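Let me begin by presenting the structure, written as structure tokens, before commenting on it.
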Amino acid sequence: MKSLRTKRLMGVLFVTGWSLTLGCQGSAPTTPTTPATVGLHVNANLAGTAITAVVVQVTAADINDTLTFNLTVANSQASGTIQIPAGSARVVTMHAYDLHGIETHRGSATTDVRSGSDPTLIVTLAPLIGNLPILVTVGTVVVQVLPSTGSVNVGNTMQLRAVVTDSLGDTLRVAISWASTNPSIASVDTTGLVTARQAGSVSIVAVFGASAGFAAITVPVPPAVVSGTWGFQATGTFPGINGGTATCQWPGTLTISQANATINLS
């Protein structure tokens, strides 16, 4: 019987006198897919309350850390846009506070958030102080660029504007970021003014939060410009009137200072 001789070196087993084949089987690691982020607009009517701050928190089983957003409060309205990863069972909780930091209202609702258009979510904030509840709407933000198409000659400009609406169709007064998919064809400044640079097609993009709108812009090929000097000889007869003149301007314009004249061009 052949003996098996072994020795150990730093925890690794070496076998001499034998042939040993080791193999392993497994699958390559996969990269987790990041869900799309959806921009939702939140709006609350605070009339009749002493609320000065509204905080929105979003939790879910697949959201590791609580998402927290502070709404803007002005003119008895609280509004703002929150960015939520698309997915199911998103728990939206809202807290309202007065000037002294005392929580006056609280409410929550659970909803599924999808990329694209989401139905409007109504959250009721129950009063912790007093008896006046607050209704809050949460819905998808839509960005529209007007005009949506256009043609601009090289060197000329076109003014675009972006309209942002919430799920109820109300227009939002928000700051827009502008961009061009190919600035060498047409560029756009921070106000939506497009400048045509060279012939081609390009999309101008207006972005607010995770929502965007587009305008398709075409820059046509400029017409060929021909330059040069053309000579004309004009002879004329002006019956009964001395000193009549005839002038010719290229292209195609002939001006005669007297009527009943006979002009020959060559």
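The values are calculated or read from the model by the stated rules, or taken from the named source; none is laboratory data. Bear in mind the structure is a predicted one, so any value in this text is a computation, not a measurement. Cβ sites come from the backbone with ideal geometry, for glycine too, and all protein chains shown count toward neighbours. The area values use the complete protein model at the heavy-atom level, side chains included, leaving out ligands, DNA and RNA. Shrake-Rupley method; radii C 1.70, N 1.55, O 1.52, S 1.80 Å.
Loop-located trypsin sites (Lys or Arg not before Pro) in the range 123-214 (DSSP state not H, G, I, E or B) with no more than 16 neighbouring Cβ atoms inside 10 Å: Arg173. What is the range 163-213 by shape, rounded, prolate or oblate, if you read a ≥ b ≥ c off the alpha carbon gyration tensor as root eigenvalues and call it rounded for a/c under 1.5, prolate for a/b larger than b/c, and oblate otherwise? The shape class here is prolate. Packing-based ranking of 199-206, 176-183 yields 199-206, 176-183, ordered from highest to lowest mean Cβ neighbour count within 10 Å. Assuming a ≥ b ≥ c are the square roots of the Cα gyration tensor eigenvalues, decide whether the range 31-160 counts as rounded (a/c under 1.5), prolate (otherwise, with a/b larger than b/c) or oblate. Note, shape of the range 31-160 comes out oblate. Carbon-plus-sulfur accessible fraction, the range 119-182 (probe radius 1.4 Å, protein heavy atoms only): 53%.
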